[in-house]
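One structure is given here, and the rest of the page talks about it.
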Amino acid sequence: MNMNMNMNTNFHGEPIHIAVVSGVGYSHLVPILHFSNILVNLHPYIHVTCLIPSLGSPPNSSKSILQTLPSNINYTFLPPVHPNDLPQGLPLEMQIEHTVTHSLPSIHKALKSLTLRTPFVAMIADSFVVEALEFAKEFNMLSYIYYPASATTLSLNLYLPKLDAETSCEYKDIQKPIQIPGCIPLHGRDLSTTIQDRSSQLYKFKLQRVKKFHFVDGIFVNSFLEMEMGPIKTLTQEGSGNPVVYPVGPIIQQDTQHGNNIECSAWLDKQKPRSVLFVSFGSGGTLSQEQIFELALGLELSNHKFLWVVRAPSSRSKSAAYLSAQNDGIDPSEFLPYGFLERTKEKGLVITSWAPQIQILSHSSVGGFLSHCGWNSTLESAMHGVPLITWPLFAEQRMNAVLLNEGLKVGLRPKVNENGIVEKIEVAEVIKCFMKDEKLRNNMKKLKEAATNALKENGSSIKILSQLTLKWRNLAKETNFKECFTEIVVF
Ligand SMILES: O=c1ccn([C@@H]2O[C@H](COP(=O)(O)OP(=O)(O)O[C@H]3O[C@H](CO)[C@@H](O)[C@H](O)[C@H]3O)[C@@H](O)[C@H]2O)c(=O)[nH]1
């Protein structure tokens, strides 16, 4: 393990040392690093040390983010878990669960070594690594979860033990909509895909984990009041019986230089304002071969401009962790309809490399985002005022789609046929309606304003964090004093 620590000791106040444990994969590393960035910017004496577990070697997309960190955020890669070291044939979610379990001893070792040198005030772990927070007590730290998804899914997680106890069938078979406290009523089939098979090992893992949510000192959720009024009000109500919940979002990645920047901006620069539909399914989303054909033909039929980040069909991609590497250098004509690229060359740009998503969403030519509704993409779209065509694939993405379509009314969802396919005619019709829908655009404009305000100096999210860092500062003073005292006694 490379523990190349670079603690800045030129401070004139009490240092506040925070240990952070990221989740596995790009979408669980980048948000917690941005959260760490907000913390160190708030208080000059905060030092973050981030421990990073990974499944296989970390992808280049994450490495480039790490290179841009300020000096008061250190990071350490834990020994990576290789897919060959795990039981074969596991779905990706289970590979991630096993990676967490395999990484716990290295997390413990790293914390032990760090706390021998410096007193740490708090430990913040991604919601997929909550098990690591059990070490917080041993090392005398406060324990917090960083929850990178919506307050609605956090509410579901906190409610899950009760729902589990009260339900005897699969959730998708519950007849009436499920009322999670404070949330829009949801059909069982719209709950996260990871909890759909209640007899699976994955479900058992999840249930055990969410029970642990109730024993931490607090949960940071990457959301803000105007985005999720109902669940946030309910979660933050005193006497709710939940741990303290801090809405600190929207925390999104900054514009990075990583990705296919030059080609995308040159192409977007030539398009009319709000004329382009951006199409992307996140860091790991893939479609079946049949669905890629229908989407391609639908885009063509719609006659609208599009920028499509195409990934190889799902049957060909092994796991999201390898997705960006796998996609490098693939030839999209192998799985796009015959002649599609030639026929649409005046209408669309197809890329297979990692896209500069923030740069794209902030470009004035972009008028909409056809997205799988990963929470980061959802927040990035809100932050840039871009309405969405919601095309959820897996995990909690259907819940996000319901929030966007029915709750916030900033999204439109295409219909799926009885075989689970969105047909080309439907794709084209939805795009045509969507691109001229001013209501969606206006609702998104309001959400953008609220998102921007939450992050201003006096905004709700920053205020919450400022208050908390003051509490940590006082604790750090006490802890550092105790440490000095111990050292005097010992020597
Ligand atoms: O070519 C690409 C593809 C993705 N991204 C970025 O990658 C992130 C993707 O995150 P997200 O939209 O949340 O999608 P996933 O990668 O699929 O995220 C996983 O993690 C999220 C947070 O927990 C969940 O909401 C999702 O359901 C889950 O699939 C975003 O910041 C994008 O800007 C790029 O910059 N370029």
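Taking only pairs six or more apart or across chains, which ones have beta-carbon atoms under 9 Å, a first residue in the range 447-468 that is free of Cβ contacts under 8 Å to residues at least 24 places away in the same chain, and a second residue that is of a type in the set (Lys, Arg)?
Pairs that qualify, where the first residue is free of Cβ contacts under 8 Å to residues at least 24 places away in the same chain and the partner is of a type in the set (Lys, Arg), are Glu457/Lys463.
If you take the residues of the range 103-127 that are assigned to a helix (DSSP H, G or I), within 22 Å of the chain's Cα centre (by Cα) and not polar (S, T, N, Q), which of them is farthest from Ala476 (Cα to Cα)?
Step by step, filter the range 103-127, then rank; the result is Leu104.
Could you list, in sequence order, the residues of the range 58-116 that are among the charged types (D, E, K, R) and over 30 Å from Tyr203 (Cα atoms)?
Lys63, Lys112
I need the full set of residues from the range 117-167 which are among the aliphatic types (A, V, I, L, M), open to solvent by 30 Å² or more (accessible area, probe 1.4 Å) and within 20 Å of Lys204 (Cβ to Cβ), in order please. I'd like the intermediate steps shown before the answer.
Taking the range 117-167 and keeping what is among the aliphatic types (A, V, I, L, M), we get 121-125, 129-130, 132-133, 136, 141-142, 145, 149, 151, 154, 156, 158, 160, 163, 165.
The next check asks that each one be open to solvent by 30 Å² or more (accessible area, probe 1.4 Å); those that pass are 142, 165.
The answer is Ala165, and nothing else.
Filter the range 61-76 for residues that are more than 16 Å from the ligand (Cβ to nearest atom) and touching a residue at least 60 places away in the same chain (Cβ under 8 Å); which is surrounded by the fewest Cβ atoms within 10 Å (Cβ to Cβ)? Spell out how you get there, then give the answer.
Restricting attention to the range 61-76, the residues satisfying the condition of being more than 16 Å from the ligand (Cβ to nearest atom) are 69-76.
Restricting the remaining residues to those that are touching a residue at least 60 places away in the same chain (Cβ under 8 Å) gives 71-72, 74, 76.
Working: Ser71: 10, Asn72: 23, Asn74: 19, Thr76: 17.
Only one residue tops the list, namely Ser71.
Identify, from the list Ala476, Ala395, Ala450, Ala454, the residue that is hydrophobic (A, V, I, L, M, F, W, C) and over 30 Å from Tyr45 (Cα atoms).
Going through Ala476, Ala395, Ala450, Ala454 in turn, just one is hydrophobic (A, V, I, L, M, F, W, C) and over 30 Å from Tyr45 (Cα atoms): Ala395.
Search the range 335-362 for residues that are more than 9 Å from the ligand (Cβ to nearest atom) and pair each with any residue that is modelled with pLDDT of 95 or more and of a type in the set (Lys, Arg) when their beta-carbon atoms are under 6 Å apart and the residues are at least 6 apart or on different chains.
Listed by first residue and then by second, the contacts come to Lys347/Lys305.
Quick check on my filter: what residues within the range 42-60 are out of contact with any Asp or Glu (no Cβ under 9 Å at 6 or more places or on another chain) and within 18 Å of Lys471 (Cβ to Cβ)?
Leu42, His43, Pro44, Ile46, His47, Val48
May I ask you to verify whether Ser199 is outside the structural domain of Glu429 (by TED's automatic domain parsing) and touching a residue at least 12 places away in the same chain (Cβ under 8 Å)?
Taking the combined requirement at face value, the residue does not satisfy it.
Could you identify the single residue in Lys448, Lys415, Lys424, Lys436 that is of a type in the set (Lys, Arg) and touching a His at 6+ places or on another chain (Cβ under 8 Å)?
Lys448
Given the criteria buried (at least 19 other Cβ atoms within 10 Å of the Cβ) and out of contact with any Leu (no Cβ under 7 Å at 6 or more places or on another chain), does Pro356 qualify? Break it down into steps so the answer makes sense when it comes.
Values: buried (at least 19 other Cβ atoms within 10 Å of the Cβ): yes; out of contact with any Leu (no Cβ under 7 Å at 6 or more places or on another chain): yes.
It is true that Pro356 is buried (at least 19 other Cβ atoms within 10 Å of the Cβ) and out of contact with any Leu (no Cβ under 7 Å at 6 or more places or on another chain).
Residues that are out of contact with any Ser or Thr (no Cβ under 7 Å at 6 or more places or on another chain) and closer than 26 Å to Asn157 by Cβ: which helices (runs of 4 or more DSSP H) entirely in the range 338-443 hold 1 or more of them?
Here the list reads 375-383, 397-402.
If you check Ala382, Ala395, which single one turns out to be within 14 Å of the ligand (Cβ to nearest atom) and open to solvent by 10 Å² or more (accessible area, probe 1.4 Å)?
Selected residue: Ala395, the only one of Ala382, Ala395 that is within 14 Å of the ligand (Cβ to nearest atom) and open to solvent by 10 Å² or more (accessible area, probe 1.4 Å).
Condition check ((1) free of Cβ contacts under 8 Å to residues at least 12 places away in the same chain; (2) of a type outside the set (A, V, I, L, M, F, W, C); (3) more than 16 Å from the ligand (Cβ to nearest atom); (4) closer than 29 Å to Gly284 by Cβ) across all residues:
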position: Leu78; (1), (2), (3), (4): no, no, yes, yes
position: Glu93; (1), (2), (3), (4): no, yes, no, yes
position: Lys112; (1), (2), (3), (4): no, yes, yes, no
position: Thr118; (1), (2), (3), (4): no, yes, yes, no
position: Val121; (1), (2), (3), (4): no, no, yes, no
position: Ala125; (1), (2), (3), (4): no, no, no, yes
position: Glu131; (1), (2), (3), (4): no, yes, yes, yes
position: Phe139; (1), (2), (3), (4): no, no, yes, no
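Tally time: how many residues in the range 377-394 are without any contact (Cβ under 8 Å) to a residue 60 or more places away in the chain and of a type in the set (A, V, I, L, M)?
1
The values are calculated or read from the model by the stated rules, or taken from the named source; none is laboratory data. Note that the structure is a prediction, hence the values are computed from the model and not measured. Neighbour counts are summed over all protein chains in view; Cβ atoms, including those assigned to glycine, are modelled from backbone coordinates with ideal geometry. We work out accessible area using only protein heavy atoms, side chains counted, and drop any ligands, DNA or RNA first. Shrake-Rupley method; radii C 1.70, N 1.55, O 1.52, S 1.80 Å.
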